[in-house]
Structure formats: structure tokens, C-alpha cells
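The values are calculated or read from the model by the stated rules, or taken from the named source; none is laboratory data. Every value quoted in this text rests on a predicted model; they were computed, and no experiment measured them. We place every Cβ from the backbone using ideal geometry, glycine too, and count neighbours over all the protein chains shown. Each accessible area value is taken on the protein alone, full model and side chains, heavy atoms only, with ligands, DNA and RNA left out. Shrake-Rupley method; radii C 1.70, N 1.55, O 1.52, S 1.80 Å.
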Amino acid sequence: MEESKEEVKHILLAKFKDGLSEQQIDEYIKEYANLVNLVPSMKAFTWGKDVSIENMHQGFTHVFESSFESTQGIAEYISHPDHVDFANRLLPQFEKVLVVDYKPTKVLL
């Protein structure tokens, strides 16, 4: 297996608290996506809702993936004022959250 030279993924799994409207959730997601325009080290952002038929989601309903060129880029993102402000507003909206950072690995056959 070959580890990616630079790229690091930041994965956030979340379940929003009951009582938030879809419109409120959509606004938070738009703000999250806009961080790619505000934080230089954040290179890409994608998200989606759980669609698994395996029923192993453990209650998590949303997946957010951000891409960075390095672990240093994630550190810069975490301390960036726009991220700090957004995280302070977003995190209280979650019933549960899990964050994992990893370097993608390609399987060499």
C-alpha cells in the first residue's frame, strides 16, 4: 500500500439535534461549505446524508469531508478565526459528532 504524499482528509460525522428545521440545517451546511473560500489551507469540501442500507450509522445522519494538503493545513484550519467562529455556532447544534483525520492510502496490486 502507498500512503498519499500530502493529501489529508478531515471527516466529520454528525447528527443534528431534533427541532432544527431543514432550512436551518441547510444554512449551516452552506456556511460550512463557504469555509473553503475563507480558509486558505482548506482545498475542497463535500458533504452528504447517510443512505446506507446496512443500518450501521449509529445515528449519524450527515457526513462532511474537507481536504487539506497536509496535517499542518488542518492545524491552520482549526485555529483559523472563521473556522473557530463557525465551529462555536455549529457544534452546539449537534446531538452527536465524530471527527477523524486520515491520509488516503492506495492499495497497490
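Which pairs turn up if I take residues in segment 11-22 that are farther than 24 Å from residue 44 by Cα and look for partners that are of a type in the set (S, T, N, Q) with beta carbon separation below 8 Å, at least 6 apart in sequence or on another chain?
Sorted first by the residue in segment 11-22, then by its partner, the pairs are 17/93; 20/93.
Does at least one position in segment 76-90 carry a residue that is assigned to a loop (DSSP other than H, G, I, E, B), over 13 Å from the mean Cα position of the chain (by Cα) and surrounded by 11 or more Cβ atoms within 10 Å (Cβ to Cβ)?
The answer is yes; a qualifying residue exists.
Which residues, counting only those in segment 82-107, are hydrophobic (A, V, I, L, M, F, W, C) and free of Cβ contacts under 8 Å to residues at least 60 places away in the same chain?
Matches in segment 82-107: 84, 86, 87, 91.
Residue 45: open to solvent by less than 70 Å² (accessible area, probe 1.4 Å), in contact with a strand residue (DSSP E or B) (Cβ under 9 Å, 6 or more places away or on another chain) and not basic (Lys, Arg), yes or no?
Criteria met by residue 45.
Can you name the strands (runs of 3 or more DSSP E) wholly within segment 4-75 that have at least 2 residues being touching a Pro at 6+ places or on another chain (Cβ under 9 Å) and at pLDDT 95 or above?
Where strands (runs of 3 or more DSSP E) fall fully within segment 4-75 and carry at least 2 residues being touching a Pro at 6+ places or on another chain (Cβ under 9 Å) and at pLDDT 95 or above, they are 8-16.
Give just the number: which of (1) in contact (Cβ under 8 Å) with a residue 24 or more places away in the chain; (2) of a type outside the set (S, T, N, Q); (3) touching a Ser or Thr at 6+ places or on another chain (Cβ under 6 Å) does residue 40 not satisfy?
(3)
Is there any pair with a first residue in segment 67-81 that is within 17 Å of residue 33 (Cα to Cα) and of a type outside the set (Phe, Trp, Tyr) and a second that is assigned to a strand (DSSP E or B) and open to solvent by 50 Å² or more (accessible area, probe 1.4 Å) whose Cβ atoms are under 8 Å apart and which are 6 or more apart or on different chains, and what are they?
67/43; 73/43; 74/101
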